[in-house]
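Step one of this worksheet: look at the structure below.
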């Protein structure tokens, strides 16, 4: 057995373990997942500030702010702070539309990065709850109320929403739609296990005292939403996930844009997980130390090793074909009559293990979709996701590892495309 | 923060069970493939024996052989392909090696029969002996294999008998001695001249 095959089996074992872990958690807790389709009313409406950090977002910021203003939440209980982080376009001028709105506070500062904009917003808030909404996203009007129900549990310190791809148009965006559906499932399962490792920029809500206790956002390798979650776990603060709090976000429309976004995410994960490596395999940190961080590293290394394995298989196949061409010419590859004999189907164990793994991933995807949209759908975008991400994900993972090793920091770049049609699940 | 150790262990058992299922499925199909090869081999053995018997019975009277030769070639080729595939994909499987040994003996028997037929009759069968090695990474053997496969498809009368030089088999060792095959000159092919060709050369 070759070394690569042994590595393949080890990585596959760990990957199957992670998926089975989620599946068992799902089967244990599926009745607790509550998707509300009707309007709800709260007994008490706590005060909330939503911070919208923006940098060169003249095209999208109005959609974001308007969706916040349309939230079904008492206007005197909801404040919106829009922070223009030194935009070079007309963002500030566009924002003046809200200058007379009593719910909206506009702040402008020199460019210092998203974390500085968020921190300025937090400093200027005096409400019981604080949240943020990236200026490329918009919210479902019931989202805030649904999230607030999770804070009825006094132990809950932050709640993450379900992020849905807004109005997909390209194949890459459809693939991401399927991927996001799977991430809802993963996030909800991690929430049951108290192991969520990211409170996403689009509409995660915190108790304000979280920041008083553990400090403000940090730069955190341009993934401040991952760092704050890890820091919360380090301080024993609970993060939950509200599956029916929908947030619609613009997603990269092309492979280069997706590559840049994922490079930043994976780079951020590697760097943040390294910064918090002392939590790894420490039982006192619960699931985040024993499961989430290790499985993240397994995913990162697994993608690279599986790519090496695939390349070695392709190389070996092409070498054989080249040898055949050298020996008997190109015509030999096409001239022979085709006959199918099931005997020649590869039935080695790694084939069945790959099938098991793919079944578990598709099950996760369908469960995620069912959880969020209330229906079980196997659609073509699932196949699209599996195909596209299997091929291109190793490249950004490899680059992220390289950047992390060489200290080359990933940066915010033009990753998004804006579309203004709201989609209701 | 609590860790649900029981769950970690249950999941471990489920994962091990899934891997065991994958391994069992793989073994099940490997066994089926070996059984299929054995079945072809048994049929081949009967066909060769039948051809030998038929030849013995009729050799004194006529060279009539019927249409069994072509089928025999097909069976030999099919088995050769399947054994070669299994060698690559069921590595370390003792049964495949055993099948290969048996197959080599059948090839020798068939070769001897073909030789007899060629000597007594005007036969179209052209026997060709091919010796290769699996002991080291023999690229030239693979290349030669492609060439012979191509030739076999182009010329159905060409009957190629391929032998693994490193297969420990007394009958095969005898062939290697008779044809003076040197392990440093692998792959090697030995072509058996038919009686017609020899006459043609002599004249």
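The values are calculated or read from the model by the stated rules, or taken from the named source; none is laboratory data. Predicted model only: the values in this text are computed from it and were never measured. All Cβ positions, even for glycine, are placed from backbone atoms using ideal geometry, and neighbour counts span all protein chains on display.
Taken over the range A:388-397, the criterion of being surrounded by fewer than 17 Cβ atoms within 10 Å (Cβ to Cβ) and touching a helix residue (DSSP H, G or I) at 6+ places or on another chain (Cβ under 8 Å) is satisfied by A:392, A:395. Taken over the range A:125-152, residues that are in contact with a strand residue (DSSP E or B) (Cβ under 9 Å, 6 or more places away or on another chain), in a loop (DSSP other than H, G, I, E, B) and either buried (at least 18 other Cβ atoms within 10 Å of the Cβ) or modelled with pLDDT under 95 (or both) amount to 9.
Looking across the range A:322-336, the residues that are surrounded by 11 or more Cβ atoms within 10 Å (Cβ to Cβ), assigned to a helix (DSSP H, G or I) and either facing another protein chain (nearest Cβ under 9 Å) or at pLDDT 85 or above (or both) come down to A:323, A:324, A:325, A:326, A:327, A:328, A:332, A:335.
Considering each residue of the range B:60-78 in turn, at least one proves to be within 14 Å of chain A (Cβ to nearest Cβ), at pLDDT below 75 and under 16 Å from the mean Cα position of the chain (by Cα). Within the range A:251-293, count every residue that is more than 15 Å from the chain's Cα centre (by Cα) and not in a helix (DSSP H, G or I). So the count comes out to 6.
Any idea how many residues of the range A:264-281 are under 23 Å from residue A:169 (Cβ atoms) and either buried (at least 21 other Cβ atoms within 10 Å of the Cβ) or within 14 Å of chain B (Cβ to nearest Cβ) (or both)?
Restricting attention to the range A:264-281, the residues satisfying the condition of being under 23 Å from residue A:169 (Cβ atoms) are A:264-265.
With either buried (at least 21 other Cβ atoms within 10 Å of the Cβ) or within 14 Å of chain B (Cβ to nearest Cβ) (or both) added as a condition, the list becomes A:264.
Adding up the residues that qualify gives 1.
Looking only at residues in the range A:14-46 that are free of Cβ contacts under 8 Å to residues at least 40 places away in the same chain and within 25 Å of residue A:354 (Cα to Cα), which one is farthest from the other protein chains (Cβ to nearest Cβ)? Filtering the range A:14-46 for residues that are free of Cβ contacts under 8 Å to residues at least 40 places away in the same chain and within 25 Å of residue A:354 (Cα to Cα), the one farthest from the other protein chains (Cβ to nearest Cβ) comes out as A:27. Looking only at residues of the range B:132-144 that are more than 8 Å from chain A (Cβ to nearest Cβ) and in a helix (DSSP H, G or I), we find that the one that is surrounded by the fewest Cβ atoms within 10 Å (Cβ to Cβ) is B:140. Go through (1) within 19 Å of residue B:115 (Cβ to Cβ); (2) modelled with pLDDT of 80 or more; (3) crowded, with 17+ Cβ neighbours inside 10 Å one by one and return the number of the condition residue B:188 breaks. Result: residue B:188 passes all but (2).
Given the structure, is residue B:104 away from chain A (no Cβ under 14 Å) and either closer than 28 Å to residue B:166 by Cβ or at pLDDT 90 or above (or both)? Yes: the conditions hold for residue B:104.
To keep it simple, each residue is scored yes or no on (1) in a helix (DSSP H, G or I); (2) within 13 Å of chain B (Cβ to nearest Cβ); (3) more than 24 Å from residue B:19 (Cα to Cα).
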| site | (1), (2), (3) |
| --- | --- |
| A:295 | yes, yes, no |
| A:304 | yes, no, no |
| A:307 | yes, no, no |
| A:316 | yes, yes, yes |
| A:340 | no, no, yes |
| A:371 | yes, no, yes |
| A:378 | no, no, yes |
| A:386 | yes, no, no |
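Taking the criterion of being assigned to a loop (DSSP other than H, G, I, E, B) and free of Cβ contacts under 8 Å to residues at least 60 places away in the same chain, the residues of the range A:73-96 that qualify are A:74, A:86, A:87, A:88, A:89, A:90.
Being facing chain A (nearest Cβ under 8 Å) and either assigned to a helix (DSSP H, G or I) or touching a helix residue (DSSP H, G or I) at 6+ places or on another chain (Cβ under 6 Å) (or both) is the requirement here; does residue B:10 meet it? Yes: the conditions hold for residue B:10. Within the range A:210-218, can one find any residue that is surrounded by 20 or more Cβ atoms within 10 Å (Cβ to Cβ), within 25 Å of residue A:390 (Cα to Cα) and touching a strand residue (DSSP E or B) at 6+ places or on another chain (Cβ under 7 Å)? Checked against the condition, which is being surrounded by 20 or more Cβ atoms within 10 Å (Cβ to Cβ), within 25 Å of residue A:390 (Cα to Cα) and touching a strand residue (DSSP E or B) at 6+ places or on another chain (Cβ under 7 Å), the range A:210-218 yields no hits at all.
Yes/no matrix, rows are residues, columns are (1) over 30 Å from residue A:69 (Cα atoms); (2) surrounded by 15 or more Cβ atoms within 10 Å (Cβ to Cβ):
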site: A:10; (1), (2): yes, no
site: A:14; (1), (2): yes, yes
site: A:21; (1), (2): yes, yes
site: A:27; (1), (2): yes, no
site: A:31; (1), (2): yes, no
site: A:40; (1), (2): no, no
site: A:45; (1), (2): no, yes
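Scanning the range B:10-32 for residues that are surrounded by 19 or more Cβ atoms within 10 Å (Cβ to Cβ) and under 25 Å from residue B:106 (Cβ atoms) yields B:29, B:30. Just a yes or no: is a residue in the range B:33-50 modelled with pLDDT under 90, facing chain A (nearest Cβ under 7 Å) and surrounded by fewer than 13 Cβ atoms within 10 Å (Cβ to Cβ)? No: zero hits.
If the condition is being over 15 Å from residue B:40 (Cβ atoms) and touching a residue at least 40 places away in the same chain (Cβ under 8 Å), then the range B:102-116 contributes B:108, B:109, B:111, B:113, B:114, B:115, B:116.
Residue A:65 falls short on exactly one of the conditions (1) in contact with a strand residue (DSSP E or B) (Cβ under 8 Å, 6 or more places away or on another chain); (2) on the phi > 0 side of the Ramachandran plot, and that condition is (2).
Would the range A:282-292 turn up any residue that is at the interface with chain B (Cβ under 8 Å from one of its Cβ atoms), surrounded by fewer than 17 Cβ atoms within 10 Å (Cβ to Cβ) and either at pLDDT below 85 or farther than 30 Å from residue A:234 by Cα (or both)? No: the range A:282-292 contains no residue that is at the interface with chain B (Cβ under 8 Å from one of its Cβ atoms), surrounded by fewer than 17 Cβ atoms within 10 Å (Cβ to Cβ) and either at pLDDT below 85 or farther than 30 Å from residue A:234 by Cα (or both).
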